[in-house]
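Comments concern the structure below.
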Amino acid sequence: MTTALIHSEDWRRFDYGPQHPLRMERLGLTWRLMEAYGLTRLPGMVVRAPRPAEEREITIYHTPEYVEVLRAANAGAIPPRGAAYGLGPGDNPVFRGLWEAAQLVAAGSLLAADLVIAGEVDRAFHFAGGLHHAMPDRASGFCYVNDAVLAILRLRAHGLRVAYVDIDAHHGDGVQHAFYGDREVLTISLHERGERLFPGTGFVNEVGSGDAAGFSVNVPLEAYTDAAIYLPAFEAVVPPLLERFRPDVLVAQLGIDSHRTDPLTHLALDVQGFGRALARMLPLAPKVIALGGGGYDLRNVARAWTVAWAVLNGVELPATLPEAFTPDAQRYGFGDLELWDVPQEISPDLRAAVSEYAARQVDAVHRAIFPFHGL
Ligand SMILES: [Zn+2]
């Protein structure tokens with residue numbers, strides 16, 4: 001098996017601003033933990049840096065008018081009509097180099113797709129990618145261009161069947177939107193329920209349109225859902241559908257804002273549960289493109305995506321963080337030097353309610369989706 005880790009030092013040039021929860025430094029921190037574990041020089045892997053995507057590679061999905069506004073925002077000032085395209089103070093700030101950052105994130109996921117299409121690698125991980133909320137003509141939820149959609153469209157242009165599985169705490173609305181009428185792309189998103197969390201969508205009854213009904217799958221989950229509840233729900237939905245769909249390529253969005261300490265969401269996964277969900281997906285497709293996504297507690301981001309890269313390479317990691325990482329661990333307040341989270345119990349009453357909610361949603365998915373697949 002050959003793998004590619006896609007990483008660019010250029011991310012250090014960009015900054016969403018001091019008040020913004022998306023910290024670019026999480027990428028460098030993740031890279032340094034991977035490096036400390038020896039995961040950046042494994043046999044059979046390559047490290048590749050993307051070159052910025054061309055405008056025409058982005059207008060494959062995004063409208064020329066919107067791309068024009070993103071280019072105009074590159075100098076760091078809000079362009080005229082920026083607000084109409086989702087830009088401005090708040091979630092999608094305008095910062096110096098915004099368009100170059102958009103080109104870079106698109107390029108990383110397109111590079112992952114190209115490496116898989118060319119048969120150069122079996123699995124690729126672009127952990128700066130996974131910006132799943134961007135719409136064709138609008139920035140949304142910290143996302144300016146939808147690198148996941150661009151990668152899937154490139155795979156589709158080569159006739160490949162794609163399953164997209166999104167385990168970010170937020171609904172993968174932008175990717176669902178792009179392929180809502182395309183039965184050659186199966187999208188599955190597990191996320192905190194839309195009544196409680198941005199973007200407010202991702203209900204079971206969003207099943208896809210026309211002959212693509214049944215190819216858009218949503219599993220909303222209650223706050224406090226932990227791995228013990230999450231993993232059985234995942235098991236009841238994802239493997240049966242992927243085994244039936246038989247994708248050529250799995251595109252996995254691995255947001256780790258589903259973690260119990262994430263400051264923006266209310267799910268309660270731990271790094272172990274996150275790793276198990278990824279490990280369960282891998283045998284379901286011959287090729288895998290993994291993308292990053294949300295994650296606003298930097299300590300979780302570094303640990304989870306390091307674990308993801310280890311899982312993608314079939315490597316077991318020592319449970320103690322490597323000596324070489326100690327300066328970062330101290331600087332970022334890792335506390336102990338443990339890779340894995342200490343198990344934490346929720347109260348029995350809460351567990352019963354959260355578990356019952358998950359079981360109801362899974363049941364609804366079985367009724368709304370499975371018949372379209374002869375299940
Ligand atoms: Zn998220």
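Every number in this text was worked out from the coordinates using simple rules, so none of it is lab data. This is a predicted model, so every value here is computed, not measured. Positions of Cβ are backbone-derived with ideal geometry, glycine not excepted, and every protein chain shown enters the neighbour counts.
Numbers at a glance
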| quantity | calculated |
| --- | --- |
| Centroid-to-centroid separation of the range 216-289 and the range 47-68 [C-alpha atoms, Å] | 28 Å |
| Magnitude of the charge dipole, the range 230-312, Cβ model with Lys/Arg +1 and Asp/Glu -1, debye to 20 | 160 debye |
| Size of charge dipole - the range 1-61 - debye, nearest 20, with Cβ of Lys, Arg +1 and Asp, Glu -1, no other charges | 180 debye |
| Helix-only CD estimate at 222 nm, as mean residue ellipticity for the chain, using -39500 (n - 2.57) per DSSP H run (n ≥ 4) | -11000 deg cm²/dmol |
| Amide N of the range 220-238 lying under 15 Å from the label point, which is placed 7 angstrom from the Cα of Glu356 along Cα→Cβ | 222-223 |
| Label zone at Ala319, where the point sits 7 Å out along the Cα-to-Cβ direction: the range 241-284 residues whose backbone N lies under 19 Å | 270-277 |
| Computed E for Ala213/Asp336 - FRET, C-beta separation, R0 56 angstrom, nearest 0.05 | 0.70 |
| Cβ-placed point charges (K, R +1; D, E -1), dipole of the chain about Cα centre in debye, nearest 20 | 500 debye |
| Separation of alpha-carbon centers, the range 90-124 and the range 338-372, rounded to whole Å | 33 Å |
| Cα gyration tensor category, rounded, prolate or oblate, for the chain with a/c compared to 1.5 | rounded |
| Whether the range 1-120 is rounded, prolate or oblate, judged on the alpha carbon gyration tensor where a/c under 1.5 counts as rounded | oblate |
| Relative contact order [Cα under 8 Å, 6+ residues apart], the chain, whole percent | 18 percent |
| Cβ-based exposure ranking for Ser258, Ser209, Ser347, in which fewest neighbours within 10 Å come first | Ser347, Ser209, Ser258 |
| Among Leu269, Pro283, Ala252 - extreme Cα towards positive end, dipole of the range 247-335, charges at beta-carbon | Pro283 |
